[in-house]
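The numbers here are math on the coordinates, done by the rules we state, and not lab data. Predicted model only: the values in this text are computed from it and were never measured. Every residue, glycine among them, receives a Cβ derived from its backbone with ideal geometry; neighbour counts consider all protein chains shown.
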C-alpha cells in the first residue's frame, strides 16, 4: 500500500511539474539548438511494400497535439521495401507544405529508426533550407542517433528525456501501424483468412507473404500450407476452403455484373446495365470512404 501511494504521489507531482525538466535535459544531452517544445515524429509501416504508409504525430510541451496528426500514403515506394526513401518522401511532403503555407516548424523531428533514416530526413530538410534538429530512436537498445555521427547517444533507462522520446516514438508506431492495417483490411485477402478460427492478423500476413495471392493458396496442398505457415493441418484445410469459397463468390459477382451489362441495346444502356454501373460506383465509393476513415 505504501508503494502504491508513493507511485500515485509521484504521478501527481510529475503531472503538476510538466515536461519542462525533461525537455531541458533533452536539449542539453543532445546539444539541440532550441528547447524542443514542439516535436514531430515519423514512422513507416508496410508489408513487403504493400500499402506503404507513414505517420506523422505532433507533441507540444511533451503532450500529444492530436489535431496535427497526419497520414501519408507513400507513392514512391509501392511494391518495394526502402525505409530511407519512405522517410525522405514523408518528410519532404510534410515540410514542403508547411513552408508553402507559412506554418510553424518543429524544434525537433524524431524518426523511428537509426542513422540511415536520420540522415535521409536531414538531407531532405537541408534541401528545403530547414534548420530544425533531427534525431532517431532505434528500438534496439533505445539508442539515440544524430545526423552523420559515428556513435549513438545512450541515456539511462530512467532518463526523463529518453521517456519523452519513447513516448513520441511509440505513438508514431501505433498510429502508422493502425492505418496500415486498415488499408490492408480493404483487401479481400485479410478478411477471408482472418475469418478462419485461429488465424489472426500476423498469421494471415505470413500466409499472404508465403503464397502471394488467393489463387496460389487455393491450389496449395493443406500439408504444405501447414508446414510453411506454421499452422495445424486442420487450420490449413479450413484456410484453403475459405479461400476457395471467396474466389467462387468473386467469380459469381463478376458474372452477375457481366450479365447486367450485356443488356445494353443499340440505342444505349439498358436499365440493367445502368443498375450495374450504379452498383459498381456505390462499391467504389464505399471502399474509398472505408479507407479514409
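Please report the relative contact order for region 70-172, taking Cα pairs under 8 Å with a sequence separation of at least 6, and give it as a percent rounded to a whole number. Could you put the intermediate results ahead of the total?
Numbers: 125 pairs, mean separation 22.1, N = 103.
Relative contact order, region 70-172: 21 percent.
According to a simple spin-label model (label point 7 Å from Cα along Cα-to-Cβ), what is the distance in nm between residue 143 and residue 33?
2.6
Please report the orientation-averaged projected area of region 42-163, defined via the convex hull of its C-alpha atoms, in nm². Provide the component values of the computation, followed by the final result.
Details: hull surface 32.0 nm².
Approximately 8.0 nm², given one-decimal rounding.
With r as the distance between the Cβ atoms of residue 255 and residue 166 and R0 = 51 Å, compute the FRET efficiency 1/(1 + (r/R0)^6) and round to 0.05.
0.40
With 10 angstrom as the radius, rank 148, 173 by how many other C-beta atoms surround their C-beta, starting from the fewest.
By the 10 Å Cβ count, ascending: 148, 173.
Taking 1 over the mean of 1/r across every pair of different Cα atoms in region 99-151, what Kirkwood radius in Å do you get?
On the way: mean 1/r = 0.0863 Å⁻¹.
Answer for region 99-151: a Kirkwood hydrodynamic radius of 11.6 Å.
Evaluate the distance, in nm, between pseudo-label points positioned 7 Å from the Cα of residue 233 and of residue 174 along their respective Cα→Cβ axes.
Here the answer is 4.4 nm between the modelled labels.
Order the peptides 241-247, 123-129, 112-118 from the highest to the lowest mean number of other Cβ atoms within 10 Å of their residues.
Details: 241-247: 17.3, 123-129: 15.1, 112-118: 21.4.
In decreasing order of mean packing, 241-247, 123-129, 112-118 become 112-118, 241-247, 123-129.
Going by how many other beta carbons lie within 10 Å of each one, how would you line up 172, 149, fewest first?
149, 172
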